[in-house]
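Undergrad: Got a structure here, written out as structure tokens. Questions coming.
Any read-out appearing in this document is the output of simple, stated calculations on the displayed coordinates, not a laboratory observation. In this text, all values refer to a predicted model and were calculated from it rather than measured experimentally. Every residue, glycine among them, receives a Cβ derived from its backbone with ideal geometry; neighbour counts consider all protein chains shown.
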Amino acid sequence: ATMSPVSIGLTPHHFITLSLGNEVRFVNRVAKKVVQEERVDWVSLSQTSSSSAEDALQHASSWGGASSAELLTDVRRLDQIWLRKGRSLVHISSSCEDRDVWKFTLARCIETAAPQHPNFASSHDAAAAGMAEGGAAGNSSGNAPLTSEEKHIDGQFEHAKSLCSNASQKAVVTAVRAEYHLSQGRVELAAKYMAQCPDAVMPFADTSIRLALPMLGGRDNNDQTSFPRGGGG
């Protein structure tokens with residue numbers, strides 16, 4: 001019962017909950033999991049917010065009294081959450097609101113694509129380890145318009161890229177995006193994104209061969225080309 005939320009706050013990337021046990025939890029909205037957890041120490045807060053012994057007694061009474069606490073969103077900055085109890089107000093926010101959102105969003109892209117497309121690399125192989133499957137799906141969809149499903153998945157990749165904060169993260173998203181289109185047999189589109197990746201992630205010699213094989217009608221299912229890790233945290 002002490003873990004049941006008594007108040008909930010919302011930021012662009014997290015749900016924030018306050019429990020009866022004074023636990024503040026940050027739940028990532030994409031990953032649907034707790035990414036940060038803090039315990040509120042009412043006594044320490046009452047002492048640090050008071051300038052005198054008389055004020056300390058007054059604040060302690062306010063914090064420990066019957067008044068319930070609640071989480072409030074700052075309407076001027078939606079990524080900021082405040083904790084209010086009685087007449088006191090404390091700033092409660094994630095240590096880094098958007099730190100791993102790009103990674104969670106990329107993983108969601110892969111989870112969405114993988115069940116329909118077995119040739120597409122798993123999230124751990126493509127996003128974390130930077131592994132790439134050898135060859136393409138070998139279908140004839142290369143010049144056909146993108147299907148509605150492919151457009152949706154491609155849009156998710158674009159969204160994941162928009163959440164990246166540095167070039168290394170963008171390179172990982174772009175590399176996985178290229179792998180997805182290559183697994184669909186869309187060689188030209190895959191080549192477009194592979195060309196945007198640094199050589200450390202997509203070596204030119206290796207990618208050239210991989211792009212040429214589908215056009216020559218060849219595929220080696222036993223050959224896997226691994227690329228160095230190119231992603232930042």
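Undergrad: Measuring from label point to label point, each 7 Å out along Cα→Cβ, what is the E70 to S208 span in nm?
TA: 6.6 nm
Undergrad: Which of the lysines could be linked to K161 by a straight reach, that is with a Cα gap under 27 Å, when you skip same-chain ones fewer than 8 residues away?
TA: K32, K33, K103, K151, K170, K192
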